[in-house]
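See below for the structure under consideration.
Read-outs: derived from the displayed coordinates by stated rules, not from any lab. Remember, it's a predicted structure, so these values are computed and weren't measured experimentally. Positions of Cβ are backbone-derived with ideal geometry, glycine not excepted, and every protein chain shown enters the neighbour counts.
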């Protein structure tokens, strides 16, 4: 269909500490098959398919970290191929500064039919690792 949307061109996350974002977010994206695309003094981008994700430390960034509970973007949801990969990444993420959210109901924090890991990086940015429906849990 002409003019139909084809998904996001890019997503941009402003960060307080670019090196910390590279260590945590860059690691996670790399594990999910995203490839570093561009790097400049105040930013870095990764790409996967036709989508880019940018982490930037803009001079206009206000201190205080991201608060996913305030108006604005709550979290980024990324697909993982299966439950094993979701669990592997959730377990290893702690070594990169991530913490598992909702551990008391993990991996069903999104409900009994939604298999996912919810992670928060040191700057308060949440990423949900979503297993496609039909994949089994460990």
Would you mind checking the tilt of helix 83-93 against the longest principal axis of the Cα atoms of the chain, expressed as 0 to 90 degrees and rounded to 10?
-> 50
For the stretch 82-138, radius of gyration divided by Kirkwood radius, i.e. Rg to Rh on alpha-carbons = 0.95
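How big is the antiparallel share of DSSP beta bridges in the stretch 12-132, given as a percent to the nearest 5?
Antiparallel: roughly 65 percent of the beta bridges in the stretch 12-132.
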Pick from 96, 68, 47: which is most flexible by mean-square fluctuation in a GNM of the chain where alpha carbon atoms under 10 Å apart are linked?
-> 68
Summing -39500 (n - 2.57) over every DSSP H run of at least 4 in the chain, dividing by its residue total and rounding to the nearest 500, the 222 nm mean residue ellipticity is -3500 deg cm²/dmol
Calculated log₁₀ intensity ratio I(q)/I(0) where the Debye formula runs over C-alpha points of the stretch 33-93, q = 0.15, 0.18, 0.20, 0.23 Å⁻¹ | -0.71, -0.97, -1.09, -1.16
Pick from 113, 86, 73: which residue has the top mean-square fluctuation in a GNM of the chain where Cα pairs under 10 Å get a spring?
-> 113
Most exposed first, judged by fewest Cβ atoms within 10 angstrom, 54, 44 run 54, 44
Ranked from fewest to most other Cβ atoms within 10 Å of their own Cβ, 14, 98 fall in the order 14, 98
By Cβ neighbour count within 10 Å, fewest first, 125, 130 rank 130, 125
